[in-house]
Each structure stands twice: as C-alpha cells, then as structure tokens.
Amino acid sequence: MAAKIKKGDKVVVLAGKDKGKTGEVSQVLPKDGKAVVDGVNIAIRHQRQSQTSQGGRTPKAMPIHLSNLALLDGNDKPTRVGFRFDDEGKKVRYAKTTGETI
C-alpha cells in the first residue's frame with residue numbers, strides 16, 4: 001500500500017493531548033503504523049551521566065499513530081490524501097480539499 005504520509009510532510013494532530021499542534025514528520029514507522037513528528041508527543045527521558053556526556057532529563061518526540069495525523073495542504077488546512085496518475089502515468093499523491101498534487 002502506498003504511504004499517505006511521508007518523511008518531511010507538514011502534518012497537524014487531530015486527536016490526543018497535542019490536538020491542533022503542527023509539525024514536520026521526521027520518521028515514519030510503517031510496520032507499527034506510526035510516525036514521529038517534531039515538537040509533538042514529547043516525553044521526558046532520563047540519561048545517566050558519563051565521562052563524555054552530561055546526564056539529566058532530555059525531551060524526546062515519541063511516535064504517534066497515523067490515524068491521528070492529517071496532512072496540511074497549500075492553505076495550511078488539514079486534508080485527506082488521494083492517489084491518481086499524472087500526465088506521465090506516474091502515481092502521485094494529491095490533497096482532496098484543493099486537488100493539488102503533493
């Protein structure tokens with residue numbers, strides 16, 4: 001199945017504690033059906049001090065389920081994603097709200 005959300009896409013969170021926040025996808029985990037979005041779903045991770053690095057509490061973006069994300073179109077509005085073939089016969093993604101190819 002083709003990916004509706006890919007690395008580098010601008011997305012908005014539809015549900016959960018970070019509802020309404022936007023960010024860029026930094027990693028997609030297709031096996032789990034999740035994606036890591038910068039600045040969204042932040043958890044605090046503790047790191048032990050070592051000779052090379054300072055220890056402490058570091059924020060880390062955790063994966064969020066793809067069903068809770070929506071792609072942003074050219075007008076910065078959430079949109080669903082469709083697939084169609086362009087003039088060269090190549091399969092492309094497009095925004096259902098505006099009809100623009102992504």
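Comparison of Lys6, Lys19, Lys10 shows that the only residue that is over 13 Å from Ala61 (Cβ atoms) and without any contact (Cβ under 8 Å) to a residue 12 or more places away in the chain is Lys19. Within segment 53-75, the set of residues being farther than 15 Å from Lys19 by Cβ, in a strand (DSSP E or B) and not aliphatic (A, V, I, L, M) comprises Gly56, Arg57, Thr58, Pro59, Lys60, Pro63.
No other residue among Gly82, Gly33, Gly74 is exposed (fewer than 13 other Cβ atoms within 10 Å of the Cβ), closer than 20 Å to Thr101 by Cβ, of a type in the set (Gly, Ala, Ser) and free of Cβ contacts under 8 Å to residues at least 60 places away in the same chain apart from Gly74.
No lab work stands behind these numbers, since they all come straight from the coordinates. Predicted model only: the values in this text are computed from it and were never measured. Quick reminder, even Gly has a Cβ in these numbers, built from the backbone with ideal geometry, and neighbours come from all protein chains shown.
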